[in-house]
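Reading through the structure tokens given below for one structure.
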Amino acid sequence: MENLVNEQVILNRVAADDRDAFREIYNHYYPAVQQYVLLFSFDLSRQDELTQDVFVRIWEKRHKLTNVESFQNYLFKITKNQVLNYIRGARVQQRIKEAQLLSDEPVTDDTDHKVQLNQYYRMAADAIEQLPAGRKQVLKMSIEEGLTLDEIAEKLGISKSGVKNQLYAGIAHVRQYLERNAGISTLLYVFLSLLDG
């Protein structure tokens, strides 16, 4: 993939809210982003939507573009994160449906699912905030950034086994925290199972 001519100048214009400059970035890199999407997901029906999401994210973070040294690397990372977020969301929905079938809970509409998931995420977030700083960082890097054990180990300069121990200890704490609170349901365990990867 070739860089856009005068790319840094154009990125600076985008950072200054120039929509025409953003359109140049969009038109130039759209095909490449579509290819990136396919590296992480075989869901062709969502390719265009996910590609659009990447550019929406770039526009939302446009003021940081002046500090980006390699736009291609930046673009690749955002694409990877968007696709992983989509996959994670799809897994949540699938496991909710499976849990409801097993527990005979009535199937509710998507709005109810989203409300429930938001409540679960808030509860889990409260539990995560109680962790020691290092353990909290590892857990957040795994959940929020979608990083692998190897990637976390490299970024933090610790061993993979050290990362794994911190991650599993963090997950155990979150489980225990949620078990001590009322209202634990099958769906909450579905959410927690996602933390195990």
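Read-outs: derived from the displayed coordinates by stated rules, not from any lab. All figures in this text were calculated on a predicted structure; none of them were measured in a lab. Because the Cβ atoms are built from the backbone with ideal geometry, glycine has one as well, and the counts that use them run over all protein chains shown.
Apply the Karplus curve 6.51 cos²θ - 1.76 cosθ + 1.60, θ = phi - 60°, to the phi angles in the range 76-86 and return the couplings in whole Hz, x for Gly and Pro.
Whole-Hz 3J(HN,Hα) from phi for the range 76-86: 5, 5, 5, 4, 4, 5, 5, 5, 5, 4, 5.
Kindly rank 49-62, 66-79 from highest to lowest mean number of other beta carbons found within 10 Å of each residue.
The packing order, highest mean first, is 49-62, 66-79.
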